[in-house]
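Undergrad: I have a structure I would like to understand better, so I am pasting it below and will then ask my questions one at a time.
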Amino acid sequence: MRTQRDNGVGRPTAPTAHALGAHPGRQLPEKCVALTFDDGPTRYTAALLDILERSHTRATFFLIGPHARRHRADVLREYRDGDAIGDHTVTHPHLTLLPRSRIALQIDSAAQQIAWVTGPRPALFRPPFGASDARVQEVVGTARMAVVMWSPSPQDWKHHGPTSIDRAVLAPVQPGAIILLHDRYATTPPAVPRLIDVLRSRGYHLVTVPELFATSGGLRSGIVYHRGPSP
Ligand SMILES: [Zn+2]
């Protein structure tokens, strides 16, 4: 039986409810960053979840709908561990090139597939390739999700390997950063322990994306976020 990370209670906690409802008036530490992992779950996700569990770290996962169905156990584990879960479409297209109806289908179908596993529909959305425009934002807002981008920083897809991920991800990190990583690369999980250690040694607290915004009124549907509020 897995134990939950960080919150120390014996029942599953929905990440959004935890961030927005369970700690009214809670003050987040000044230096927070959010680790986010896109494109999973994949065969590398279980190892990543082991690492996060060992280091008592919660993260945010943006899931591909069919992957969520295929790797149901990983999604349930993310959910029960208190990680935040977001929508990352069905087939990972450039949404800005699609007609509105297809954009809506990509977002809604993936949300349904995630909800089929977890129960609640996700409240976070990340567009593949960061490709978003006013139409995409409008559809995401109608689906009652916030658009979560990332802060100028990492690029684990360009800098494979622990040392280079380390350098590329860590160099530009600032308080409130939303750090983009991918659990579809074999090279990413091995880089994560050091990433966490270095961030913590610099005084950063690792939180989920909803937690990053918990003291500033929360995330709003259809709004685009690149980083957390300034401390
Ligand atoms: Zn992606």
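Undergrad: Using protein chains only and a probe of 1.4 angstrom, how many square angstrom of E138 are accessible, to the nearest 10?
TA: Roughly 90 Å² of E138 is accessible to a 1.4 Å probe.
Undergrad: Could I ask something else about it? Which sequence of H94, H182 reflects their accessible areas, 1.4 Å probe, from the largest down?
TA: Ranked list, largest accessible area first: H94, H182.
Undergrad: Measuring with a 1.4 Å probe in the full set of protein chains, what accessible area per residue, in whole Å², belongs to region 25-125?
TA: 40 Å²
Undergrad: What is the distance in Å between the Cα centres of region 194-231 and region 53-106?
TA: The distance from the Cα centre of region 194-231 to that of region 53-106 comes to 18 Å.
Undergrad: Accessible surface of Y79 in the full protein assembly, 1.4 angstrom probe, to the nearest 10 Å²?
TA: Surface accessible to solvent at Y79 totals approximately 40 Å².
Undergrad: How big is region 27-225 along each principal axis, measuring the range of its Cα positions in Å and listing the largest first?
TA: 46, 34, 31
Undergrad: Same structure, new question: How big is the charge dipole of region 27-225 about its Cα centre, in debye rounded to the nearest 20, if each Lys and Arg gets +1 on its Cβ and each Asp and Glu gets -1 on its Cβ?
TA: The dipole magnitude comes to about 200 debye.
Undergrad: Hey, another quick one. Got a number for the accessible area of H92? Probe 1.4 Å, square angstrom, nearest 10.
TA: Solvent-accessible area, nearest 10 Å²: 50 Å².
Undergrad: Treat each spin label as a single point 7 Å out from the Cα along the C-beta direction, and report the R72 to A46 distance in nm.
TA: 1.6 nm
Undergrad: Can I ask one more? Could you work out how much longer the chain between A186 and V198 gets when fully extended? Use 0.36 nm per residue separation minus the Cα distance between them, nm to one decimal.
TA: Here the answer is 2.3 nm.
Undergrad: For E53 and H94, what is the calculated FRET efficiency with R₀ set at 25 Å and r taken between the beta-carbons, to the nearest 0.05?
TA: That pair, E53 with H94, gives E of 0.15.
Undergrad: Sticking with this structure for a sec: Obtain the nm distance between the two label points defined at R220 and Q112 by a simple spin-label model: each point lies 7 Å from its Cα along the Cα-to-C-beta direction.
TA: For R220 paired with Q112, the spin-label model returns 3.0 nm.
Undergrad: Moving on to the next point. Among G217, I64, T188, flag the residue with its Cα farthest along the positive direction of the charge dipole of region 27-225, charges on Cβ as +1 for Lys/Arg and -1 for Asp/Glu.
TA: Of the listed residues, the answer is I64.
The values are calculated or read from the model by the stated rules, or taken from the named source; none is laboratory data. Since the model is a prediction, treat every value here as computed from it, not as a measurement. So basically every Cβ, Gly included, is an ideal-geometry build from the backbone, and we count neighbours across all protein chains shown. Please note that ligands, DNA and RNA were not included when accessible areas were found on the heavy atoms of the full protein model with its side chains. Shrake-Rupley method; radii C 1.70, N 1.55, O 1.52, S 1.80 Å.
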